[in-house]
1. Could you list, in sequence order, all residues of segment 375-403 that are within 19 Å of L67 (Cα to Cα) and surrounded by 22 or more Cβ atoms within 10 Å (Cβ to Cβ)?
2. Tell me, which helices (runs of 4 or more DSSP H) wholly within segment 271-342 include 3 or more residues that are more than 20 Å from L410 (Cα to Cα) and free of Cβ contacts under 8 Å to residues at least 40 places away in the same chain?
3. Assuming G244 fulfils every condition listed in (1) closer than 24 Å to I68 by Cα; (2) surrounded by 19 or more Cβ atoms within 10 Å (Cβ to Cβ); (3) touching a residue at least 60 places away in the same chain (Cβ under 8 Å) apart from one, which condition is it?
4. Scan (1) crowded, with 17+ Cβ neighbours inside 10 Å; (2) among the basic types (K, R); (3) closer than 22 Å to E224 by Cα for the single condition K164 breaks and write down its number.
5. I need the full set of residues from segment 153-173 which are of a type in the set (D, E, K, R) and in a loop (DSSP other than H, G, I, E, B), in order please.
6. Of everything in segment 173-197 that's among the charged types (D, E, K, R) and at pLDDT 85 or above, which residue is nearest to D78 (Cα to Cα)?
7. Given the criteria of a type in the set (A, V, I, L, M), free of Cβ contacts under 8 Å to residues at least 40 places away in the same chain and surrounded by fewer than 23 Cβ atoms within 10 Å (Cβ to Cβ), does L361 qualify?
8. Would you check which residues across segment 187-214 are closer than 23 Å to A405 by Cβ and not in a helix (DSSP H, G or I) and list them?
Amino acid sequence: MNYLKKTKIIATLGPASDKEKIIKELILEGVNVFRFNLKHNNVFWHNQRIKRVQKIANILKTNVGILIDLQGPEIRIDTKNKQIISVKKGDEIIIGSSFSFEKTQIAILNKAVFDVLKKGDNLLIDDGFIEMKIIKKEKELIIAKVIQGGKIKNKKGLNIPGKKINLSSLIEQDIKRLDMIAKSKVDFIALSFARSKKDIDILKKEIEKRKINAQIVAKIECQEALDNIDELISVSDAIMIARGDLGIEVPIEQLAFWQKNIIKKCRLNRKPVIVATQMLHSMINNPRPTRAEAIDVAGAVFDKTDAVMLSEETAAGNFPLRAVQAMSKILLFNEEKTSFEDFQLKPYNVVELIASSVFSLVEKQSLLNIKKVIVFTESGYTANVMASFRSKAEIIAITNNQKTAEILSLSFGIQPVFTPLGFSENKIFDFLKKENLIKENEIIALVHGKQKKRPKIFNSFSLTKV
């Protein structure tokens with residue numbers, strides 16, 4: 001089991017990686033969370049694979065998180081008769097709200113989208129590889145001039161940078177899928193194109209209706225989300241920097257700035273943060289990453305993210321296992337070369353004061369040589385506060401709640417351990433020695449979170465020699 005790296009890996013499960021043997025190998029090579037993209041396949045397919053992942057995790061006696069990714073209000077185009085349309089720079093394309101006009105080549109069937117478009121708007125299709133500008137608009141027809149040509153395929157995504165469109169954050173298909181996914185054990189639900197607190201509140205209500213015990217991950221994919229980033233971090237359980245659509249919706253030169261900025265804000269708010277999209281994109285078809293991709297993954301380490309994500313690389317690529325192996329190696333090497341001592345957190349409560357003290361002891365008291373911190377936690381909050389410091393010590397989070405152990409699989413540097421033994425230190429030490437997680441004569445920092453059953457036990461920490 002790859003416990004050495006601290007940055008967590010999320011791998012998207014798909015046809016290239018859904019066999020039991022491959023799932024096992026992916027976990028052993030460093031996958032901490034599996035993502036299920038509900039845009040693809042049906043819910044029955046996803047439910048079966050979620051059970052498969054949990055079965056393998058149980059066999060391996062490890063905690064693996066399950067993240068489902070809702071489609072959200074994506075905008076897609078339709079081509080006439082589902083044909084591929086080849087366009088070149090300077091061509092003029094007729095776009096309609098339907099195919100009722102004979103010469104319509106492309107349709108935007110969502111009327112709420114079509115109605116807000118106007119002359120001068122830029123239309124980006126298929127991750128921005130094809131670009132057009134609207135030069136004329138009538139009631140049900142648009143004429144657009146091609147700026148960057150290519151092949152336009154049916155059902156490809158459409159982005160309209162800078163345009164605010166009043167679409168529901170949860171589409172009808174998402175609601176239906178939530179009904180069915182409620183039967184599965186899910187840890188995280190990612191909301192695509194989250195824009196404000198209102199979007200998160202809508203999803204929370206739908207989750208509560210179905211009694212789904214899962215945390216909400218807000219995907220940052222548009223300018224409106226950036227405008228409301230502090231609000232979204234505050235009301236969400238975790239944040240995903242979804243660089244695919246974000247890199248189209250905002251000028252691409254801003255992307256690195258926003259990545260660093262959002263990661264810092266999440267750390268200050270003790271919320272896990274994920275860097276996603278095209279991290280090892282070339283490994284969909286190639287057995288090795290490009291130099292630029294290796295630097296990109298290392299850059300996420302230097303930015304001090306909690307987790308990085310693989311999408312098509314593991315879902316449909318030719319080398320899913322090699323992609324995870326490459327990512328794990330890049331993460332581990334660069335973590336060892338990175339200093340995490342630059343983080344300043346003003347303590348606002350006892351937990352943060354204790355975490356700050358432990359971090360200072362671990363990083364600066366070299367004579368003590370503290371390499372492990374054991375955190376006793378029920379909800380995971382105390383462990384997440386510790387994780388926000390990005391300590392060089394290994395954080396072993398002991399919990400009597402299986403759900404907490406799975407949720408902590410997303411947080412930097414935490415090795416979550418579920419045990420029904422309770423929080424008796426002697427019993428836990430014996431258990432951890434048996435599992436080879438601690439050794440005789442190690443000096444360990446112990447951190448206790450609040451306990452519901454023992455409310456008079458306050459947060460505390462101590463040092464002990466095992």
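1. Correct list: G380, N384.
2. On the way: elements: 291-302, 312-315, 320-336.
Answer list for segment 271-342: 291-302.
3. (2)
4. Of (1) crowded, with 17+ Cβ neighbours inside 10 Å; (2) among the basic types (K, R); (3) closer than 22 Å to E224 by Cα, only one is false for K164: (1).
5. At the first step, the residues of segment 153-173 found to be of a type in the set (D, E, K, R) are 153, 155-156, 163-164, 172.
Residues satisfying the conditions are K153, K155, K156, K163, K164.
6. So, considering only residues that are among the charged types (D, E, K, R) and at pLDDT 85 or above, the one nearest to D78 (Cα to Cα) is D174.
7. Considered against the rule, which asks whether it is of a type in the set (A, V, I, L, M), free of Cβ contacts under 8 Å to residues at least 40 places away in the same chain and surrounded by fewer than 23 Cβ atoms within 10 Å (Cβ to Cβ), L361 comes out as no.
8. D187, F188, I189, A190, R210, K211, I212, N213, A214
The values are calculated or read from the model by the stated rules, or taken from the named source; none is laboratory data. Bear in mind that the values here come from a model prediction, so they are computed numbers and not experimental data. A quick note on method: Cβ atoms are made from the backbone with ideal geometry, for glycine too, and the neighbour counts reach across all protein chains shown.
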